[in-house]
1. On the first, second and third principal axes, largest extent first, how far apart are the outermost C-alpha atoms of the range C:135-211 in Å?
2. Rounded to two decimals, what is the ratio between the C-alpha radius of gyration of the range C:113-180 and 2.2 N^0.38 Å?
3. Based on other C-beta atoms within 10 Å, arrange B:His139, A:His286 from fewest to most.
4. What are the ³J(HN,Hα) values, in whole Hz, obtained from phi via the Karplus relation 6.51 cos²θ - 1.76 cosθ + 1.60 with θ = phi - 60°, for each residue of the range B:403-420 in sequence order, with x given for Gly and Pro?
5. Using alpha carbon centroids, what distance separates the range A:264-321 and the range B:274-336, in Å?
6. For the range C:69-178, state the semi-axes of the equivalent ellipsoid (square roots of 5 times the eigenvalues of the alpha-carbon gyration tensor), sorted largest first and rounded to whole angstrom.
7. What does the convex hull of the Cα atoms come to per residue for chain B, in Å³?
8. Taking the 0 to 90 degree range and rounding to the nearest ten, how far is the long axis of helix B:308-321 tilted relative to the main principal axis of chain B, both from C-alpha atoms?
Amino acid sequence: MKSHSTLRHDIGWALAALLVLSLLPLLTQSRVTLDFVIRLAAFGIFASSLNILVGYGGMVSFGHAMFFGSGAYVFGLLMQKTQVSIPVAILGAIAFSGLLGLLIGAICVRLKEIYFSFLTLAFQMLIHSVILSWTSLTGGDQGLMGGIPRPPFLGINLSDHTTLYWFSCALGVVCLLLMRIILQSPFGATLRMVRDSSERAAFLGIDVWRIKLYAFILSSCMASIGGVLMALFVSGAFPDFGYWTMSGDAIFMIMMGGLHVFIGPVVGAGLLLLFNDIITRTTEYHGLALGLVVLLFALGFKRGITDFSLELLQKINRKGGKT
Amino acid sequence: MNSKDTKVLASPKRRLLIQSAASIAGVSSLGFPAISLAQNKPIRVGMPTILSGRVAMLGQSSGNAANMEVERFNASGGFGGRKIELIIRDSKGQPQEAARVARELVTSDGCEILIDAEASSGAFAVHEVARDLGVLVIHTCSETSSLTADPKLRTPMAFRCARQGVHDAIIGGAYAAKVAKEKNLRRWMTCSPDYAYGRDTTAEFAEYLKFFNKDVELVGEAWPKLFQADYSEVITRLLQVNPQAIYSCLWGGDLTSFIDQSNIYALFSGKQFFSVNAADYAVLTNVKNVPLGLHSGNRYLQSFPNTPANTNWSSSYQGKFKDLPLNWAWQNAAAVQFLTAAIKKAKSTDGKKIAQALEGLSIDSPFGANGKLTLRADDHTLVDYALAWGELSGKEPFMKSPVPGSWKQITELEAEWKKRKGFA
Amino acid sequence: MGTGLIVGSLLFLVAAGLTLIFGVLGVVNFAHGTFYMLGAYLALTAYRLTGNFAMAVLAAGIGVGLFGFLFERFLMRRVYKADVLMQLLVCYAVVLIMDDVVKIVWGAEFLSMGMPESFQAPPFFIAGGVVPVFYVYLIAAAMLIALALWGILTFSRMGKIIRAAAQNPTMTSALGINTSLIYAAVFAFGGVLAGLAGGLAAPVRSMSPGMGFSILIESFIVTVIGGMGSVSGALVGALLIGLIRSFGTIGFPLFVEGLMFLAMVLILILRPNGLLGKESRA
């Protein structure tokens, strides 16, 4: 069956990626490169999780940062205030975000299109207001201060930079693989059907609301893992993590990388981070520079780069192929 | 490296040249370790700051002032011929970007020292990075007391060269209490931005106001949002409650709008307004009508301290940048002055040695209350800077009769404050 | 209570443009805050040059109207057929670019226009409350503009065509009406309204790059509450938000923002088309 071969295919890619990534620290001493990959892991998971909703589910969420933020804050708070180990704190962050996703998703997925988008935005801003106001718990606008403790677990010490790198890569690849497997499964196919035509899906007896809700919960859990990685990287959590500019960043990553190819969001994340880093290094007018780059993608390519490349490949194949 | 030698270079030296060029360009993400070329290697100092958005002035004035001092240092020969190279990067006001930028400055751009010109949330983020990477960091724009007062956050290589909220509160409270006694101001109301700085600063001021004058009563509080554009409902409330005096720690554009809007409501007629951040050139040059009865603490004034050193510094700054220096400017200038003094004292550019030299270091400075500034040994924060409160007018010297604060008083009360907070 | 009217009338002008653009074109103009910001800055410069506030506000309206027209012609026109995310991308790019352009032209520090002499008279005392002279003019001006807008939309030929295009775009173009001209006109209109708002508010604001952010969010809330595409809905929504703001600081100082988003959430759940909205566009 087709899904069988894609599974082996996907696991193969995952192992290959893990191999290449784990060798990287041996090839370069540059901490900046490793930092880049750690951030790429965090944002790659975040953007891919959003694409579950946008690309695969047809639900454009403007508020996805609320789960990125909740992941970071819950993880940070658990580590700062309790004695649990890092894996337990991560599970706690995922569980909380999943619950949040369930509650919010149950309300949001009923709505369509721009109304869904605005509702997710509204919920996110509400949560952001809570983060800002509940100073005694969250530190308010200053975020969680004092750093996030990283006690070693199972012999893994995340205070060591290279170990953090390997951990991020492993977590990143595992999460992406998991998302891939789920999206290639019958559930994924149903989700795409719901995206393409919810009426037809309903006619076929599919509970559209339930499918959308499951997708929402899955994406919120994954987004929170991205938040956890970011919290580990900066050793803190900040209200910015749950602000609409963060949601906007995820949308740009998807748009620039490509909605319809699974790895698109990760490519987009890499692109946006790369542009951001280079522009910040070279000019004071990063708004101008980044704005022009984004315009190039929106008006020039008119789609994400992986979608563009895929279409190009298909055109070439068609020309050179039998038809 | 003599250009004549380039052609005659043996290959290892050529590789060295290319490597250093690559790392200096900063484009190479596979940064080879920067190999020292002994004498002429610049002392790289990284400065994460905010150069865009609402608070862009912070970065601009910080960078300007720091650059001015660095150029002076370099022009006078630097450290045995070695010059300071200041690398300024924009974090856009996002703490996670501040952390990333700080990390990049250290790990990729070869900065051994950080001058952190980030606002408070960014400063906490950079603080963690400096702790993590073990580099010297001097915070120049964060006024949040806990950054240095909280022993949990303290590290041997972190310093704060900026004014502190609690110092301002003690002096401001003492001054305001006196004025309250003189003018019989019993009913007070506060109006400050709703975020950590606004809340903490206002609470501290109110505490010390009551401490120095038991007769005052806080009859109301208003908490507009930071960067809120319209203050009409806040002003209306102030008019309804009708206090005799108002305190605010609004700053910058917010303060200017608030004063402008209050003026058309005639809010200040018959009231005294204590605005800790008003004596700042950004505000004073923008407010069209300075109301009577406006008191402020000096953020930066070229007329206080009224010394040639201070006026000269301000003139140099204006000559170079065609702009009046702001509070952030003097703090960063002082930081560079401390840094260069410590490098000379330690006779080294090693972060640890500089940190040891900085502890308890006193330098001559135009910004000192008595000509000197000190980085206190026990908590690494700036003391002895010129602090004064006074009534403001609409033109130079803006604060005609500054009432200088007493550092003896500050030290006593601050120690007691720390004990209460559990910091001691 | 009166202060709600001040915030509300400015907000209405901005939101009216936003809702009009959505109603006719089906496009959410995420760059609308930038229109407002430009209006404020243009008014500042015009005031510094002419010393006349009315001229300054007019200059702001016309300038931003022109900007809106160019924005539509050269940028938005290309992404009508693309999905909403591409449109968002284009708008956001313009926001980023214009924030820096403003920084380059006017500088990074905040600027203030100051109150024109004619408004420096002492405030009125109406119904036990203090009402500054300037705000009376501001509200009056906003109401006049609103009236003019209503008049244009209801009675003029252009207005009728715009309303028709909002109801049924395909039919309108089938009737041979030049829809691309309509679209350009609507964007220009939106620009004029936002520019006028920026200009009117200039005497009591501090201008700085990026100042368009907050009014954009508030305009979204207003259009959602009032109903996307309904100008009268924008009026109701704006007054409501103004009211929430004025009560919010008294009751829940920490949570005014939260209250507004809560209102938005409630409307989207209970009445997604807004208080006065029409059928949602396909």
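Just so you know, all these numbers are worked out from the coordinates, no wet-lab data involved. It should be emphasised that the depicted structure is a prediction, and the values quoted were computed from it without experimental measurement. Virtual Cβ from ideal backbone geometry, glycine too; neighbours counted across all protein chains shown.
1. 47, 28, 15
2. Details: Rg = 20.1 Å, N = 68, 2.2 N^0.38 = 10.9 Å.
My calculation over the Cα atoms of the range C:113-180 gives 1.84.
3. So the residues, fewest neighbours to most, are A:His286, B:His139.
4. Once rounded to whole Hz, the list reads 9, x, x, 9, 6, 4, 5, 4, 4, 4, 5, 5, 4, 5, 5, 4, 4, 4.
5. The range A:264-321 and the range B:274-336 have Cα centres separated by 46 Å.
6. Details: eigenvalues 280, 146, 26 Å².
Output for the range C:69-178: semi-axes of 37, 27, 11 Å.
7. Values: hull volume 58.0 nm³, N = 424.
Taking the convex hull of the Cα positions in chain B, it is 137 Å³ per residue.
8. For helix B:308-321, the angle is close to 70 degrees.
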